[in-house]
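Got a structure here, written out as structure tokens. Questions coming.
The values are calculated or read from the model by the stated rules, or taken from the named source; none is laboratory data. Bear in mind the structure is a predicted one, so any value in this text is a computation, not a measurement. Cβ coordinates were reconstructed from backbone atoms using ideal geometry, including for glycine residues, and neighbour counts include every protein chain displayed. Note: areas computed on protein heavy atoms with side chains; ligands, DNA, RNA excluded. Shrake-Rupley method; radii C 1.70, N 1.55, O 1.52, S 1.80 Å.
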Amino acid sequence: QLQASGGGLVQAGGSLRLACAASGRSFSTYVMSWFRQAPGKEREFVSAIIWDGGRTYYADSLKGRFTISRDTAKSTVYLQMNSLKPEDTAVYYCATRDVMEAEYAYWGQGTRVTVSS
């Protein structure tokens, strides 16, 4: 089970930190990822972190503004979002899959981020 939190309303240029708490199983062989879906748009990949080892991945357009991290003791993945822009407005979802699988097996419920101009 994944529980996303931390969304809200922020002005352009501001920051938010999203959290995704994982429970119910061991995720040591999993990839933890963030996706987002803006109104009227397709869902897009934001960032990912390999639970074991911490290697990170980012959408090219978001590098430098977003940072993904994990707290293994809390089984929680974070997405620090800085210098937010109105175009970052979306529902953000965390998801996880085994590193050997292509499909994401578990999805969180989504947390809404609204960036005002």
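Mind checking which residues of the stretch 45-90 are farther than 26 Å from Thr29 by Cα and either outside any helix (DSSP H, G or I) or without any contact (Cβ under 8 Å) to a residue 60 or more places away in the chain (or both)? Give the derivation first.
Here is the first cut: in the stretch 45-90, the ones farther than 26 Å from Thr29 by Cα are 61, 64-65, 82-90.
Selection gives Ser61, Gly64, Arg65, Asn82, Ser83, Leu84, Lys85, Glu87, Asp88, Thr89, Ala90.
Another question, if that's okay. May I ask you to list the residues in the stretch 1-42 that are open to solvent by less than 40 Å² (accessible area, probe 1.4 Å), over 10 Å from Cys94 (Cα atoms) and among the hydrophobic types (A, V, I, L, M, F, W, C)?
Those that are open to solvent by less than 40 Å² (accessible area, probe 1.4 Å), over 10 Å from Cys94 (Cα atoms) and among the hydrophobic types (A, V, I, L, M, F, W, C): Val10, Leu16, Phe27, Val31, Ala38.
Can you report the number of residues in the stretch 55-66 which are more than 11 Å from Trp34 (Cα to Cα) and either among the acidic types (Asp, Glu) or surrounded by fewer than 18 Cβ atoms within 10 Å (Cβ to Cβ) (or both)?
Residues in the stretch 55-66 being more than 11 Å from Trp34 (Cα to Cα) and either among the acidic types (Asp, Glu) or surrounded by fewer than 18 Cβ atoms within 10 Å (Cβ to Cβ) (or both): 7 in total.
Among the residues of the stretch 20-35, count how many are touching a residue at least 60 places away in the same chain (Cβ under 8 Å) and within 13 Å of the chain's Cα centre (by Cα).
Final tally of qualifying residues: 7.
Moving on to the next point. Look at the stretch 99-115 and say how many of its residues are in a strand (DSSP E or B) and open to solvent by 40 Å² or more (accessible area, probe 1.4 Å).
4
Please go through the stretch 73-92 and pick out each residue that is of a type outside the set (S, T, N, Q) and over 13 Å from Ala22 (Cα atoms).
Those that are of a type outside the set (S, T, N, Q) and over 13 Å from Ala22 (Cα atoms): Leu79, Met81, Leu84, Lys85, Pro86, Glu87, Asp88, Ala90, Val91, Tyr92.
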